[in-house]
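Participant: Dropping a structure here in structure tokens format, bear with me for questions.
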Amino acid sequence: MSDNSPRLDLPLLQPSQAQKHVTHNEALRILDIFVQLTVEEFDASNPPANPVEGLVYAVGPGGTGDWFGANGRLATWVDGAWQFHTPTAGWIAAHAASSEVRVFTGSVWSAVTGGGAASTQNLAGVGVNTTSDLTNRLNVSAPATLLSHEGAGHQLKVNKASAADTASLLFQSGFSGRAELGLAGDNDFSLKLSADGSAWVDALKLSPGQSVLTTDSMVGSVSATPGAGSAAFETGSNANGRYTRFADGTQICWKNDFTAAGSSGGVWTFPAPFADANAAVTATPLGEFARFISLLHVTATGATLNGYSQPGGTELPDTSLMAIGRWS
């Protein structure tokens, strides 16, 4: 029968042994060291000048004084003398001051950074006040989440594998998307909006390297009613000319080379109607001879013109026309 236990090297009581309490107390002292093992210093080399009863030191390479030759062993001060114990691979100890946890590899005490139950590296998921899943591997349920500096700036980085992938911040209501900000399906920076979480429109888009801003609501059908329109500008053209409408109700109509052949007058029908007959109309005659144009009448839908030329002509010359007013 062995004198000591195989794992912790505790002294065993022997048959017909006298003073069994001595052996028993020695085993208790060893257990007092090993259970909830706390170390004052890892890789220690110099014994403290005034050792404290029961404190444990993990002796590293180059032990001096009373620790000479005790490399890799645990040293503890008991009854006025140093006792040494040899750890085995897999033992775990915590640093008394910092609570740093280390595991004994069989030769050194290594910080727990991977592969152990206490590891914070390569985790399958983390749930803070909730449960993570295969998609949301970091899941936080809290009133707020703080990411702060440690003395300088701070960056939150969202990276994607390729241009066709998405790197964005998605804002949801009831877990249904309403706004998305970032690189969604390309490398243009965009703000997308959705009323139902399924159909999305680009509210803003910026092309990298071009400083070009585009938006689905910049040019389109306008409305003077706040929130009712879908665009800030509306442009169009037809046989009567071109026009631009602004969301504030302003409208500009124009036509180049207006012609009323063989006539001293003509009617210009606006390419888009105004709200009333208060549009300001300007007419500029085209050509090298002196010509004059008078404005006879303006309605919401058009303007009547007369033309004169020198000397004595009454034919309406080719004319450039513009009208500014309110469409709403």
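Participant: Quick one: is Thr166 on the phi < 0 side of the Ramachandran plot, at pLDDT below 95 and polar (S, T, N, Q)? Please lay out each step first, then the result.
Facilitator: On the way: on the phi < 0 side of the Ramachandran plot: yes; at pLDDT below 95: no; polar (S, T, N, Q): yes.
The answer is no for Thr166.
Participant: Of the residues Leu206, Leu183, only one is surrounded by 16 or more Cβ atoms within 10 Å (Cβ to Cβ), without any contact (Cβ under 8 Å) to a residue 60 or more places away in the chain and either in a loop (DSSP other than H, G, I, E, B) or touching a Ser or Thr at 6+ places or on another chain (Cβ under 9 Å) (or both); which?
Facilitator: Details: Leu206 fails: surrounded by 16 or more Cβ atoms within 10 Å (Cβ to Cβ).
The match here is Leu183.
Residue-by-condition table, conditions (1) surrounded by fewer than 17 Cβ atoms within 10 Å (Cβ to Cβ); (2) outside any strand (DSSP E or B); (3) of a type in the set (Gly, Ala, Ser):
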{"residue": "Gly62", "(1), (2), (3)": "yes, yes, yes"}
{"residue": "Asp66", "(1), (2), (3)": "yes, yes, no"}
{"residue": "Ala70", "(1), (2), (3)": "no, yes, yes"}
{"residue": "Ala75", "(1), (2), (3)": "no, no, yes"}
{"residue": "Gln83", "(1), (2), (3)": "yes, no, no"}
{"residue": "Thr88", "(1), (2), (3)": "yes, yes, no"}
{"residue": "Ala94", "(1), (2), (3)": "yes, no, yes"}
{"residue": "Ser98", "(1), (2), (3)": "yes, yes, yes"}
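Participant: Let me ask something else about it. Kindly establish whether Lys160 is surrounded by 10 or more Cβ atoms within 10 Å (Cβ to Cβ), basic (Lys, Arg) and part of a loop (DSSP other than H, G, I, E, B).
Facilitator: Values: surrounded by 10 or more Cβ atoms within 10 Å (Cβ to Cβ): yes; basic (Lys, Arg): yes; part of a loop (DSSP other than H, G, I, E, B): yes.
Spelling it out, Lys160 is indeed surrounded by 10 or more Cβ atoms within 10 Å (Cβ to Cβ), basic (Lys, Arg) and part of a loop (DSSP other than H, G, I, E, B).
Participant: Could you check Ala163 against (1) over 23 Å from Asn139 (Cα atoms); (2) free of Cβ contacts under 8 Å to residues at least 24 places away in the same chain and say which number it fails?
Facilitator: (2)
Participant: Return yes when Val222 is at pLDDT below 85 and not polar (S, T, N, Q) and no when it is not. Explain how you work it out, then say what you get.
Facilitator: On the way: at pLDDT below 85: yes; not polar (S, T, N, Q): yes.
It is true that Val222 is at pLDDT below 85 and not polar (S, T, N, Q).
The values are calculated or read from the model by the stated rules, or taken from the named source; none is laboratory data. Remember, it's a predicted structure, so these values are computed and weren't measured experimentally. Note that we place each Cβ from the backbone using ideal geometry, even for glycine, and neighbour counts take in every protein chain shown.
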